[in-house]
Amino acid sequence: MNEILNITMNEMANASFDCSCGKHHTLDIKQIKMGKGVLPELPDMLKKFQGKKVYMLSDNHTFQAAGERTLKIMQDAGFDVKSVMIDSGDDILIPDEKAVGRMFMELEPETAVIVSVGSGTLNDMAKYMSARTKIPYIIVCTAPSMDGYAADGAPLILQGKKISFVATLPYGILGDTDIMKEAPMHMIHAGFGDVIGKLTALADWQLAKELKGEYMCDTCVTLVQRALEKVTSHAKEIAQRDEEAILYLIEALTLTGVAMGLIGVSRPASGAEHMLSHFWEMDFIARNKFPELHGIKVGIATPIIAEIFDMMKDEIPESAMKLAPSKEYVQKLLADVGAPACPGDVGVEKELFYNSILGGYKVRNRYSVLQLAVEKGKIEEIAKELTKELY
Ligand SMILES: [Zn+2]
Ligand SMILES: [Zn+2]
């Protein structure tokens, strides 16, 4: 019935099954290839497009990390590839009008498939173009930095504001650990942070199920928990760029996306820790400050939400409390991997922090422990206490 729990990541492409939650789930990703040295298998993934035009997108960083090799592999296999490399210099690429406009202007008629080489931003840009043009895209992952590879939203910057556009899932995902383990450590920390955020996200989901009768799929919870387990038990190896541990990390990030793809909601991936992260990010963008990588902020927010669960424990059903991690446990994980653990580390100032605890629940209409604290009239007291503790 839930055979998805018994297959490997690479076998999950095209999954379609009747789930014990009562729904029929399908995953609209045609191919998944993850593992050591899988890049040369790209032409095989592209078989359907043989003889047709390929549009390869990268930036100067990802071109160097994997783009150059990817291009050669495709050309050697006889593909007609147009390669567009967006140069962002030493800065990270910002997916704004300029970058997205360039991407569209370079698109040639008759393009059959887009191959994007990169992580967060290049994936978001390609999936947006794919959604608008109906041209399928494949992502060649260069860093295990976030869980958006298999997600169906594309956050882009329009007129200085971050907007999440509805986008398509990739046709294929290729993750070669030989490439990803060489990613900048800050990006690996970000991926780790995004994964441990699932600890509180799952607790929030359970809370919403218990208190608001929200739909929950146990199969998806199990999928994410198993992947989480492998990551949390290998934190130190991840910091050492151990091949297998990096594979666990990218698997966990992809699997969360798969879980979202299966049920069509982002509950398995995001709870109150993401709301805090978004609150900080919106403030940074509004003030033209570098917003910091998504997963770094999520990682920092996770022990804070864990502590709020603890502060609210008298009001929280046991089943949700059981899923909520302790603050100390999450802090230890962040320390083991060497990731930033305090909001102050990434430039979140005292006032912004305080306001984010008070207003974080407004970021999106989703029930979480923050909303519960608001309902019970405790949010101000919590905000004061946490701010005193952290600043
Ligand atoms: Zn995330
Ligand atoms: Zn289900």
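Restricting attention to segment 1-37, report how many residues are among the charged types (D, E, K, R), away from ligand 2 (no atom under 16 Å from the Cβ) and touching a residue at least 40 places away in the same chain (Cβ under 8 Å). Here the count works out to 3.
Using the structure shown, decide if Phe49 is over 24 Å from the mean Cα position of the chain (by Cα), over 25 Å from Ile86 (Cβ atoms) and among the hydrophobic types (A, V, I, L, M, F, W, C). So Phe49 fails the test. Can you name every residue in segment 202-246 that is open to solvent by 40 Å² or more (accessible area, probe 1.4 Å), more than 16 Å from ligand 2 (Cβ to nearest atom) and either on the phi > 0 side of the Ramachandran plot or in a helix (DSSP H, G or I) (or both)? Within segment 202-246, Glu210, Leu211, Lys212, Gly213, Glu229, Lys230, Lys236, Glu237, Arg241, Glu243, Glu244 qualify. The set of residues in segment 113-123 being open to solvent by less than 20 Å² (accessible area, probe 1.4 Å) and not in a loop (DSSP other than H, G, I, E, B) consists of Val113, Ile114, Val115, Ser116, Val117, Gly118, Gly120, Leu122, Asn123. Exactly one residue out of Asp90, Asp152, Asp76, Asp96 is at pLDDT below 95 and closer than 24 Å to Leu46 by Cα, and it is Asp152. Taking segment 275-313 as the range and being in contact with a Pro (Cβ under 7 Å, 6 or more places away or on another chain) and either more than 13 Å from ligand 1 (Cβ to nearest atom) or not assigned by TED's automatic domain parsing to the domain that holds Gly338 (or both) as the test, the residues that pass are Phe284, Ile285, Ala306.
When you look at Met85, is it more than 16 Å from ligand 1 (Cβ to nearest atom), more than 18 Å from Ile250 (Cα to Cα) and at pLDDT 90 or above, yes or no? Considered against the rule, which asks whether it is more than 16 Å from ligand 1 (Cβ to nearest atom), more than 18 Å from Ile250 (Cα to Cα) and at pLDDT 90 or above, Met85 comes out as yes. If I ask for residues that are in contact with a strand residue (DSSP E or B) (Cβ under 7 Å, 6 or more places away or on another chain) and open to solvent by less than 30 Å² (accessible area, probe 1.4 Å), which ones from segment 72-101 would you list? Result: Met74, Phe79, Val81, Val84, Ile86, Ser88, Leu93, Pro95, Ala99, Val100. For Val224, indicate whether it is at pLDDT below 95 and under 14 Å from the mean Cα position of the chain (by Cα). Judged against the criteria, Val224 is a match.
The values are calculated or read from the model by the stated rules, or taken from the named source; none is laboratory data. Only a predicted model underlies this, so the values are computations on that prediction, with no experimental measurement involved. Cβ atoms come from the backbone with ideal geometry, glycine included; neighbour counts cover every protein chain shown. Keep in mind that these areas ignore ligands, DNA and RNA; they rest on the heavy atoms of the full protein, side chains included. Shrake-Rupley method; radii C 1.70, N 1.55, O 1.52, S 1.80 Å.
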